[in-house]
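The values are calculated or read from the model by the stated rules, or taken from the named source; none is laboratory data. Since we're looking at a predicted model, the values are computed, not measured. Counting neighbours? That spans all protein chains shown, and the Cβs are built from the backbone with ideal geometry, glycine included. Heads up: the accessible areas ignore ligands, DNA and RNA and are worked out on the full protein's heavy atoms, side chains in. Shrake-Rupley method; radii C 1.70, N 1.55, O 1.52, S 1.80 Å.
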Amino acid sequence: MLILLPPSETKTRPAEVGHRPLDLDELALPALREARETMLRASHRTAAGSDAASRLGVPASSPDLVGRMLHLEQEPAAPPLGVYSGVLYDQLEPGAEIPGDRRVLVQSALLGLVDAGRDRIPAYRLSASSQLSRLGKAGSWWAPQLTPIAAQLREEEAAGSSPLVVDCRSGSYRSMMAMRSGDGVRVLEVAPVQESGGVRKVISHDAKRYRGLVTRVLLAAEAAPATAEELVDVVGEGLAGISGRGSSRLGVELDGDRLVVVDRVD
């Protein structure tokens, strides 16, 4: 089973002691090496420009992030679950073990995709909407680079015992690498909704929390589910002990290719 996560805007910088800088040769998906080199060069050019902060989306309160991007090759790198932070990643353990029958890949505007179970990354500042020198919008530039990778991942999942992709990404990162059901693979988008008085509305502001909870449940399961129906049972059982925003427990349903997490607030 493959779980796709978005990155986080906020990141925890690894300690300099005990953490080596990024090494592209160590990263999973080596077919992306050339594209990663191109993006790293573009990031450096962008960080060196007078408009670096606006292009990279650096807030006025954190000007040091531009300097970090300018010297990214010297920045300490650590496992992704310890670097990415924020609402989704708060639901996961930084050192969480990823079982052998599951794989977690995080979409990255800097590196395309990173493997949460084996890669090391620096605390970079770059998003899908960043405007890079000579490359343009990061997300748009990555899309064609990641098309063959998506095909590769689909083939790998189709050949496995759990041909499922659980997509926890937001829209901008889903557009970087489209993944849809077909050819023996079921792709399920995690879609949280709030239900009140029998009326449901899409949760957008806090959607990352629910996606983080689903990821936590799937990583803690004894085995990766073999079908979408089994996945619903596993996630439903795991979420049954977690309260939502109201007094009710969280529920989960399958709606086509959507894994709907229901937070009832009645």
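Selection within the range 16-29: residues that are open to solvent by 100 Å² or more (accessible area, probe 1.4 Å) and not basic (K, R). The member of this set that is modelled with the highest pLDDT is D25. Taking helices (runs of 4 or more DSSP H) as the structural unit, those lying wholly within the range 1-81 and holding at least 3 residues that are out of contact with any Pro (no Cβ under 6 Å at 6 or more places or on another chain), of a type in the set (K, R) and more than 18 Å from G117 (Cα to Cα) correspond to 33-47. Among the residues of the range 34-57, none qualifies, meaning not one is at pLDDT 95 or above, open to solvent by less than 40 Å² (accessible area, probe 1.4 Å) and closer than 26 Å to S161 by Cβ.
Considered as a group, the residues in the range 130-176 that are part of a loop (DSSP other than H, G, I, E, B), open to solvent by 60 Å² or more (accessible area, probe 1.4 Å) and not aliphatic (A, V, I, L, M) include one that is farthest from A224 (Cα to Cα), and that residue is R134. With the condition kept exactly as written, say whether any residue in the range 231-252 is touching a helix residue (DSSP H, G or I) at 6+ places or on another chain (Cβ under 8 Å), more than 29 Å from R154 (Cβ to Cβ) and part of a loop (DSSP other than H, G, I, E, B). Checking the range 231-252: at least one residue is touching a helix residue (DSSP H, G or I) at 6+ places or on another chain (Cβ under 8 Å), more than 29 Å from R154 (Cβ to Cβ) and part of a loop (DSSP other than H, G, I, E, B). Among the residues of the range 151-168, just one is under 22 Å from V260 (Cα atoms) and hydroxyl-bearing (S, T, Y), namely S162. For the range 90-113, which residues satisfy the criterion of being at pLDDT 95 or above and in contact with a Pro (Cβ under 9 Å, 6 or more places away or on another chain)? Hits for the range 90-113 are V104, V106, Q107, S108, A109, L110. Condition first: surrounded by 12 or more Cβ atoms within 10 Å (Cβ to Cβ), hydrophobic (A, V, I, L, M, F, W, C) and under 30 Å from L126 (Cβ atoms). Now tell me which residues in the range 179-205 satisfy that. Across the range 179-205, the qualifying residues are M179, V185, V187, L188, V190, A191, I203.
Return yes or no: is S85 more than 15 Å from the chain's Cα centre (by Cα), open to solvent by less than 60 Å² (accessible area, probe 1.4 Å) and either farther than 23 Å from P30 by Cα or hydroxyl-bearing (S, T, Y) (or both)? Considered against the rule, which asks whether it is more than 15 Å from the chain's Cα centre (by Cα), open to solvent by less than 60 Å² (accessible area, probe 1.4 Å) and either farther than 23 Å from P30 by Cα or hydroxyl-bearing (S, T, Y) (or both), S85 comes out as no.
Taking the range 88-129, which residues are within 13 Å of L56 (Cβ to Cβ), open to solvent by less than 20 Å² (accessible area, probe 1.4 Å) and either of a type in the set (K, R) or in contact with a Leu (Cβ under 7 Å, 6 or more places away or on another chain) (or both)? Matches in the range 88-129: A109, L110, Y124, L126. Close contacts from the range 33-55, counting a first residue that is more than 14 Å from L72 (Cβ to Cβ) and among the hydrophobic types (A, V, I, L, M, F, W, C) and a second that is open to solvent by 40 Å² or more (accessible area, probe 1.4 Å) and assigned to a loop (DSSP other than H, G, I, E, B), with Cβ to Cβ under 7 Å and a gap of 6+ residues or different chains, come to A53/P63. With respect to (1) without any contact (Cβ under 8 Å) to a residue 60 or more places away in the chain; (2) farther than 21 Å from I98 by Cα; (3) open to solvent by less than 20 Å² (accessible area, probe 1.4 Å), the lone exception for E253 is condition (3). Taking every residue in the range 1-14 that is more than 30 Å from E157 (Cα to Cα) and pairing it with any residue that is among the β-branched types (V, I, T) and open to solvent by less than 10 Å² (accessible area, probe 1.4 Å), at least 6 positions away or on another chain, the pairs with Cβ-Cβ distances below 7 Å are T12/V83; P14/V83. Scanning the range 176-209 for residues that are at negative phi and in contact (Cβ under 8 Å) with a residue 40 or more places away in the chain yields a count of 21. Checked against the criterion of being hydroxyl-bearing (S, T, Y), more than 18 Å from the chain's Cα centre (by Cα) and within 23 Å of Q152 (Cα to Cα), the candidates S196, S181 yield just one match: S181.
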